[in-house]
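Let me begin by presenting the structure, written as structure tokens, before commenting on it.
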Amino acid sequence: MKSQYHYQIYLEPGQLERAATRRWVELARESIRARNSFHVALAGGSTPKPVYHLLQQEELEWDKVHLYWGDERDVPADHPESNYLMVKEALIDHVPIPVDNVHPIGVQADIEKSVEEYRQVLGNVHRSPNGLPCFDLVMLGMGDDGHIASLFPESSALTVADTAVVSVYVEKLNSWRVTLTYPVLNAARNLMLLVTGEAKAPIVAQVLGGDGDENYPVQKLAPQGRAEWYLDQAAASQLSEST
Ligand code: 6PG
């Protein structure tokens with residue numbers, strides 16, 4: 001598992017976010033040159049937020065950029081916990097991206113309807129050989145329990161192999177989520193994992209330096225494209241030199 005990953009440790013404050021932003025822009029330009037579009041699944045949570053802020057300053061053909069989400073909480077789009085709202089405030093409201101290029105997971109009362117509608121929306125994305133969406137870039141954060149997107153430990157979504165998006169009840173949060181599944185995360189041309197903080201260091205060490213026993217959801221990733229970890233010193237603090 002560890003051999004397929006590239007990782008970089010950033011020591012100075014802000015260095016990780018600037019590097020991730022540069023890479024995001026580079027992949028966007030590369031994808032627009034090659035396929036005249038850039039389809040990216042964004043991460044929620046707090047780690048990627050500074051990257052979304054930095055992207056406000058970037059010169060890009062925003063009319064060729066399509067934003068999706070890797071997961072969404074079971075809250076309305078104007079709720080403070082909404083991953084869509086976080087990106088809207090940090091990025092969308094500040095760049096000339098057409099409204100039709102923004103594809104949120106529209107969570108509604110009937111969550112299965114949200115799943116079905118998002119499944120249709122994902123039809124805009126290029127297809128991978130298995131017929132599922134192949135994003136140009138999927139951004140992920142990682143929880144202290146090793147979850148990615150809303151693929152939490154012991155969740156029913158961990159074993160889904162034949163569909164792109166599912167609803168999942170997260171016991172520990174006592175709430176529903178909508179999430180992309182491993183087949184889609186794995187099929188991405190590029191995967192960017194942004195992980196910071198001491199609390200995540202044991203899992204980072206196990207994933208990037210471990211012997212492969214898969215205790216955490218992040219370890220069940222099997223990226224077919226290029227997967228890069230952006231780590232700060234705290235998150236990398238348990239990685240041995242030899243890794
Ligand atoms: C979410 C995210 C989730 C997040 C991790 C890490 O909806 O919360 O999609 O997977 O990436 O929980 O969150 P932080 O970046 O806030 O540590």
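The values are calculated or read from the model by the stated rules, or taken from the named source; none is laboratory data. Here the structure is a predicted model, which is why all the values come from computation and not from measurement. Here the Cβ positions follow ideal geometry from the backbone for every residue, glycine too, while neighbour counts run over all protein chains shown. Side chains included, ligands, DNA and RNA excluded: accessible areas come from the protein's heavy atoms. Shrake-Rupley method; radii C 1.70, N 1.55, O 1.52, S 1.80 Å.
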Next item on the list: Using the structure shown, select from Lys64/Lys88; Lys64/Lys200; Lys64/Lys172; Lys88/Lys220; Lys113/Lys200 the pairs with a Cα to Cα distance greater than 27 angstrom.
Entry: Lys64/Lys200; Lys64/Lys172; Lys88/Lys220; Lys113/Lys200
Next item on the list: Take every Cα pair under 8 Å in the chain that's 6+ residues apart, average their separations, divide by the length, and report that relative contact order as a whole percent.
Entry: 24
Notebook entry, point to check: Round to a whole number: what % of the accessible area of the chain belongs to carbon and sulfur, probe 1.4 Å?
Noted result: 47
Checklist line | Two-site label geometry, Asn36 and Gln8: point separation in nm, points 7 Å out along Cα→Cβ | finding: 3.1
Next item on the list: Please give the length that would be gained between Arg119 and Asp162 if that part of the chain were fully extended, namely 0.36 nm times their separation in residues minus their C-alpha to C-alpha distance (nm, one decimal).
Entry: 14.2 nm
Margin query: With a 1.4 Å probe and all protein chains kept in place, how do Asp63, Asp136 rank by accessible area, largest first?
Written below: Asp63, Asp136
Check: What longest range of the chain stays clear of loop-exposed GluC sites (Glu not before Pro) (DSSP non-H/G/I/E/B, at most 16 other C-beta within 10 angstrom)?
Finding: 82-153
Check: Please state the equivalent ellipsoid semi-axes for the chain: what are the square roots of 5 times the Cα gyration tensor eigenvalues, largest first, in whole Å?
Finding: 25, 22, 18
Next item on the list: Write down the accessible area per residue of segment 5-232 in Å², having rolled a 1.4 Å probe over the full set of protein chains.
Entry: 43
Notebook entry, point to check: Suppose every K and R has +1 on its Cβ and every D and E has -1 on its Cβ; what is the size of the dipole of segment 5-232 about the Cα centre, in Debye to the nearest 20?
Noted result: 620
Notebook entry, point to check: Using 0.36 nm per residue, how much length does the chain from Arg22 to Arg127 gain when fully extended, once their Cα-Cα distance is taken away?
Noted result: 35.2 nm
Next item on the list: Note the full-extension length gain between Ala77 and Glu198 as 0.36 nm times their separation in residues minus their Cα-Cα distance, in nm to one decimal.
Entry: 40.5 nm
Margin query: Rounded to the nearest 5, what % of DSSP beta bridges with both residues in the chain are antiparallel?
Written below: 30
Check: Can you give me the Cα centroid spacing of segment 144-184 and segment 1-75 in angstrom?
Finding: 21
